[in-house]
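Take a look at the structure below.
The values are calculated or read from the model by the stated rules, or taken from the named source; none is laboratory data. Just so it is clear, the structure is predicted and the values come from calculations on it, not from any experiment. Ideal geometry is used to build each Cβ from the backbone, glycine not excepted, and the neighbour counts take in all protein chains shown.
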Amino acid sequence: MRRVRADDLRPSGWLTGRLGLRGQSPQTDEAGHRHATWLELFLDLIFVYALAAVVARLGNDPTPAPEAVLAVIGLFVVVQWAWVGQVYYDTRFDPDDALHRVLVLVALVGAGAMTLGVDEVPESVLLPVGYLIVRGVLLVLYLRARPTSPMARMVTTVYLIGFGSGWLIWLVSLTAPSALRPVLWIVAMCIELATPWVGVRWLNQWPVDNRHLPERIGQFTIIVLGSALASLLFAVPDHPRPHMILTAGIAFLVPAAIWWLYTTFVTTHLVASRLRGGQAYSYLHVPLDGALLVLGWALGQVVRLVDDDAVRLPLELRLMLAGSVVVWMLCGLALYWLWSPPNLLRLAITCYGVVSVSLIAAAVREPRLLLFLLAASIVGYAVLLTRRLNRAGRESEEVAEG
């Protein structure tokens with residue numbers, strides 16, 4: 001079916017004026033590809049602080065309790081989902097007019113409340129109130145876009161029913177005892193996360209922008225990597241000894257290699273033609289980004305232990321290091337699978353990465369040696385896979401041109 005353009009979303013006559021849909025069109029390049037607007041980038045800023053608040057709940061204890069780790073993972077999913085919801089609206093609508101900007105700024109206030117409330121959940125109501133504001137704005141935006149076309153009515157119906165149901169449960173949680181609130185939040189999130197899959201048949205009829213969505217999700221991944229770097233930098237003492245500078249440099253190789261590999265994957269546009277509704281692509285980034293957030297914290301703890309002249313790393317920290325890297329690698333394999341079933345070489349590269357990291361974490365306890373071997377393994381993995389991705393990208397371009 002014909003791709004729906006931004007101009008098709010603008011109703012005519014009195015409805016245009018009432019809805020305030022006159023304004024600038026979304027920014028596109030010469031090929032007509034949608035790019036992030038200044039407003040979208042502004043919204044990202046508050047989520048930088050939200051992620052920092054989430055990872056800060058782990059503290060500086062290198063052996064966090066399992067329930068603390070689970071709480072951080074759950075909070076991360078809530079924060080990322082709040083951000084992703086706006087991205088999906090923007091990739092299909094986003095008139096970028098005055099009313100739209102005001103509503104997004106209100107959502108930014110809600111994101112700020114979420115950031116302030118992360119540290120005090122479940123006792124504080126700041127997190128649920130902030131989330132209600134963010135998702136409430138999203139529901140208003142979908143109501144606003146609903147009359148613009150038959151396709152818009154179909155897509156917004158899916159979101160309004162699913163997200164609206166989740167929103168009501170979040171609202172009810174405000175009146176519940178603090179011990180019961182997380183249960184209601186989990187139920188609400190399950191409903192919201194299931195909504196795009198339940199409505200996949202209708203949502204896929206209006207495919208997402210195959211350049212804008214990967215670009216925006218990639219920008220969130222870069223924000224997560226930035227948070228990982230912050231965790232690493234904050235672990236370095238104010239007046240570091242020479243060996244600490246070297247240690248931090250070795251640790252830096254890990255997020256740097258991940259950044260190199262991830263940006264190579266995104267810029268090859270391998271999965272662009274297979275995004276459809278974008279559900280699989282965006283959902284795979286939830287565990288991927290969560291793993292990177294935990295990895296940054298774990299690297300920071302290793303650097304701290306090196307500064308404390310620790311002889312060995314605790315098992316819990318080694319498990320978190322290995323687990324986060326393995327989850328990142330497996331999610332990368334699944335993202336590649338969206339383009340094409342991986343061949344033996346691609347599977348062999350993933351096996352090398354998973355096995356080497358697991359063996360290093362299991363056998364090496366000395367902090368400096370583990371950090372060095374881990375960095376060497378991940379850099380090697382990134383080099384091998386980058387060459388494979390570049391080759392696949394060239395082959396894909398040749399097929400498209402042919």
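Conditions: (1) surrounded by fewer than 19 Cβ atoms within 10 Å (Cβ to Cβ); (2) more than 22 Å from the chain's Cα centre (by Cα); (3) modelled with pLDDT under 95; (4) aliphatic (A, V, I, L, M). Leu160 meets all but one. Number of the miss?
Every condition holds for Leu160 apart from (3).
Mind checking which pairs have a first residue in segment 53-69 that is over 16 Å from Arg304 (Cα atoms) and a second that is among the polar types (S, T, N, Q) and assigned to a helix (DSSP H, G or I), Cβ under 6 Å, 6 or more apart or different chains?
Matching pairs, first to second residue: Ala53/Thr115.
For segment 211-231, does any single residue satisfy the condition of being crowded, with 21+ Cβ neighbours inside 10 Å and farther than 29 Å from Val325 by Cβ?
Yes; the residues of segment 211-231 include at least one that is crowded, with 21+ Cβ neighbours inside 10 Å and farther than 29 Å from Val325 by Cβ.
Can you go through Pro207, Pro147 and tell me which one is over 25 Å from Ile46 (Cα atoms), outside any helix (DSSP H, G or I) and of a type outside the set (A, V, I, L, M)? Can you show your working first?
Numbers: Pro147 fails: outside any helix (DSSP H, G or I).
Only one candidate passes the filter, namely Pro207.
What is the number of the single condition among (1) part of a helix (DSSP H, G or I); (2) modelled with pLDDT of 85 or more; (3) hydrophobic (A, V, I, L, M, F, W, C) that Leu58 does not meet?
Evaluating Leu58 over (1) part of a helix (DSSP H, G or I); (2) modelled with pLDDT of 85 or more; (3) hydrophobic (A, V, I, L, M, F, W, C) leaves (1) as the failure.
Which members of segment 388-402 meet the condition of being within 14 Å of Tyr336 (Cβ to Cβ), exposed (fewer than 14 other Cβ atoms within 10 Å of the Cβ) and either modelled with pLDDT of 95 or more or basic (Lys, Arg) (or both)?
Listed by number, the list holds a single entry, Arg391.
With respect to the numbered conditions (1) of a type in the set (A, V, I, L, M); (2) assigned to a helix (DSSP H, G or I); (3) at pLDDT below 95; (4) surrounded by 16 or more Cβ atoms within 10 Å (Cβ to Cβ), which one is the sole condition not fulfilled by Ile245?
Evaluating Ile245 over (1) of a type in the set (A, V, I, L, M); (2) assigned to a helix (DSSP H, G or I); (3) at pLDDT below 95; (4) surrounded by 16 or more Cβ atoms within 10 Å (Cβ to Cβ) leaves (4) as the failure.
Residue check: is Ser231 within 26 Å of Pro196 (Cβ to Cβ) and assigned to a helix (DSSP H, G or I)?
Numbers: within 26 Å of Pro196 (Cβ to Cβ): no; assigned to a helix (DSSP H, G or I): yes.
In short, no.
What single numbered condition from (1) buried (at least 18 other Cβ atoms within 10 Å of the Cβ); (2) in a helix (DSSP H, G or I); (3) of a type outside the set (S, T, N, Q) fails to hold for Leu330?
(1)
For segment 360-384, which residues satisfy the criterion of being free of Cβ contacts under 8 Å to residues at least 40 places away in the same chain and crowded, with 20+ Cβ neighbours inside 10 Å?
Passing the criteria: Ile360, Ser377.
Taking interchain pairs and intrachain pairs at least six residues apart, which have beta carbon atoms under 7 angstrom, with the first residue in segment 142-159 and in the same structural domain as Thr91 (by TED's automatic domain parsing) and closer than 12 Å to Thr195 by Cα and the second modelled with pLDDT of 90 or more and among the basic types (Lys, Arg)?
As it stands, the answer is Thr156/Arg146, since those pairs meet every condition given.
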